[in-house]
1. Of the conditions (1) among the small types (Gly, Ala, Ser); (2) in contact (Cβ under 8 Å) with a residue 24 or more places away in the chain; (3) within 16 Å of GLN9 (Cα to Cα); (4) loosely packed, with under 13 Cβ neighbours inside 10 Å, SER72 clears all except one; give me its number.
2. Identify the single condition in (1) over 10 Å from the mean Cα position of the chain (by Cα); (2) surrounded by fewer than 17 Cβ atoms within 10 Å (Cβ to Cβ); (3) modelled with pLDDT of 95 or more that PHE49 does not satisfy, given that it satisfies every other one.
3. Please state which of the following conditions GLY23 fails to meet, knowing it meets all the rest: (1) under 15 Å from GLU120 (Cα atoms); (2) open to solvent by 20 Å² or more (accessible area, probe 1.4 Å); (3) under 13 Å from the mean Cα position of the chain (by Cα); (4) of a type in the set (Gly, Ala, Ser).
4. One residue is enough: does the range 92-103 have a residue meeting the conditions under 14 Å from the mean Cα position of the chain (by Cα), among the small types (Gly, Ala, Ser) and under 21 Å from LYS12 (Cβ atoms)?
5. Would you please name the residue that is nearest to the chain's Cα centre (by Cα), looking only at residues in the range 52-69 that are of a type in the set (D, E, K, R) and open to solvent by 70 Å² or more (accessible area, probe 1.4 Å)?
Amino acid sequence: MSFSKNIIQTEKAPAAVGTYSQGVEHNGVYYFSGQIGIDPATSKLQEGFEAQMDQILKNIDGLLESCNITRSHILKTSIFVTDLEKFNLVNDAYIKYFEEPYPARSCVEVPNLPKGSVLELSLIHISEP
């Protein structure tokens, strides 16, 4: 039995900052690596929680757009934050970014993230029928 996966690489989101792919598609399921608030045009990390969250959501849109898919079939997000007290800001961003029914989600506090980011978000998306 052969295994195939399609690697996702786009300039519409920041380049990988390590030994990983921006995303991988297998059998219609897209697994996108964690995004931090780096602007792909400048390679600079945005300052502050809300600015980073906004940039992350723009990066995710860039990844989705590069695959000709939309937010509507995002199944799950995983969020890592350095300050769980900011969780209400995550909810505020979700209300603006997603429509009900919302994707499944997990959120955990971590001590550090790459490049000094204050949050990171990864997601799983299924192909649209």
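The values are calculated or read from the model by the stated rules, or taken from the named source; none is laboratory data. Since this is a predicted model, take the numbers as computed values, not measurements. Every residue, glycine as well, gets a Cβ built from its backbone with ideal geometry; the counts of neighbours run over all protein chains shown. Heavy atoms of the whole protein, side chains included, go into the accessibility calculation; ligands, DNA and RNA do not. Shrake-Rupley method; radii C 1.70, N 1.55, O 1.52, S 1.80 Å.
1. Going through (1) among the small types (Gly, Ala, Ser); (2) in contact (Cβ under 8 Å) with a residue 24 or more places away in the chain; (3) within 16 Å of GLN9 (Cα to Cα); (4) loosely packed, with under 13 Cβ neighbours inside 10 Å one by one, SER72 breaks only (3).
2. Unmet for PHE49, out of (1) over 10 Å from the mean Cα position of the chain (by Cα); (2) surrounded by fewer than 17 Cβ atoms within 10 Å (Cβ to Cβ); (3) modelled with pLDDT of 95 or more: (2).
3. (2)
4. Yes, some residue in the range 92-103 is under 14 Å from the mean Cα position of the chain (by Cα), among the small types (Gly, Ala, Ser) and under 21 Å from LYS12 (Cβ atoms).
5. Top of the filtered list is LYS58.
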